[in-house]
Amino acid sequence: MTLFESDAGWAPRPVRRPPRWRLRGTVFGIVLGTVAGVTLAATYLPSSPLAGIAPYSLPADLAQIADRIGFSDEGRDIFLATRPQLLDSGDFRKACDGTPDGTVHGDFATVGCFYGLGEHFGRIAVFRPSDARLADQIAVTAAHEFLHAAYARLTSGEQARLDALLDARWSTIAADDSIQASVDSSVGSAAENRSTEEFAYFGTEIADAVDPALEAYYAPYFRDRGALVAIHDADRALWDGLQADYSAKADALTAREQANADASAQLQADRAQLAADRAWYNGQADEYNALSPEVRARTYVVGSDGTAGREPYGSYLAGRLAEFATTEVDQARRQGELDAAEAAAPVERAEVERLYADIEALTAAAVPAA
């Protein structure tokens with residue numbers, strides 16, 4: 001990714017926040033319509049497992065993810081029952097493009113879904129990013145989708161009690177908190193899914209439930225839900241750290257190049273002033289030298305009030321000539337410092353461009369390819 005220049009000097013590209021990977025499309029109940037040319041049939045999630053389902057065991061990579069999440073025995077059993085899949089872009093889109101919001105929705109992008117296939121209570125699909133630094137994203141996504149499966153397994157009475165607890169806790173979260181936008185994006189037009197989305201987002205992203213009764217709904221599934229939230233926080237810290245590093249270095253480079261431009265302009269102005277002073281001096285020296293020795297001996301510097309001073313004019317001219325030499329040395333020093341600063345700028349700019357390109361590449365890796 002190339003940064004741009006303008007007549008005003010170098011300026012960094014603004015960094016786009018990565019598409020919010022928090023959006024997880026969830027299919028519940030009936031889905032009708034056409035997505036990407038594929039007609040979606042009505043999908044129902046049954047209330048009990050179907051007979052004749054082939055045995056399933058977690059692949060090694062998903063078993064490691066389950067270990068990171070810290071499922072209890074009950075939680076792991078439910079996770080296993082969803083027959084979770086860790087999928088690359090193409091297969092993930094096939095699995096999750098049937099969600100109401102698709103895989104892209106404004107500034108959000110779907111990286112996991114819980115969808116009904118007539119098996120048990122539905123299946124979990126999680127996008128596999130191509131960058132190993134996004135391992136935390138995978139774990140939190142899988143846990144989020146798991147909580148949809150857990151919510152679906154509650155009785156209607158249990159769901160009603162949980163919904164009331166969620167409503168009470170959610171009302172304490174500021175309207176401008178970013179998690180509110182995440183929930184709104186996930187719910188979309190399917191208002192009936194708000195409770196399950198709140199359950200999933202809260203369980204993976206907010207450590208303090210405040211109400212023990214609400215925490216009790218998570219306790220059967222995780223050995224330490226706080227550790228799970230810490231994984232989410234680490235993922236956010238990854239992005240925040242990369243962007244803070246880029247912003248700091250970009251700002252420093254912008255400031256340096258502005259300082260270089262200011263220093264160059266000032267040096268040019270000072271050199272022009274020195275040239276003008278020299279021209280004036282040369283004229284004065286020529287006039288002084290044209291005087292007879294007797295007149296030169298009687299010529300003194302005139303003060304600002306027009307009265308004669310005590311300094312002979314010849315001494316004054318000699319002093320000015322010495323000042324020119326000192327000024328030239330100083331300007332040569334400043335030019336050397338400016339040259340060094342300008343020589344360092346491309347190296348700093350290359351580092352800023354590298355950081356920008358890394359964020360762009362990580363952003364692309366974090367979401368399914370188009």
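The values are calculated or read from the model by the stated rules, or taken from the named source; none is laboratory data. The model shown is predicted, which means the values in this text are computed figures rather than measured ones. Note that each Cβ is placed from the backbone with ideal geometry, even for glycine, and that neighbours are counted across all protein chains shown.
Taking segment 162-198 as the range and being at pLDDT 90 or above, among the small types (Gly, Ala, Ser) and under 28 Å from the mean Cα position of the chain (by Cα) as the test, the residues that pass are Ser171, Ala174, Ala175.
Just the residues that are polar (S, T, N, Q) and closer than 16 Å to Arg296 by Cα, please, taken from segment 308-326.
Ser315
Among the residues of segment 239-260, those identified as of a type outside the set (Asp, Glu) and surrounded by fewer than 15 Cβ atoms within 10 Å (Cβ to Cβ) are Gly241, Ala244, Ala248, Ala252, Ala255, Gln258, Ala259. The requirement of being surrounded by fewer than 22 Cβ atoms within 10 Å (Cβ to Cβ) and either at pLDDT below 95 or assigned to a helix (DSSP H, G or I) (or both) is fulfilled nowhere in segment 139-151; no residue meets it.
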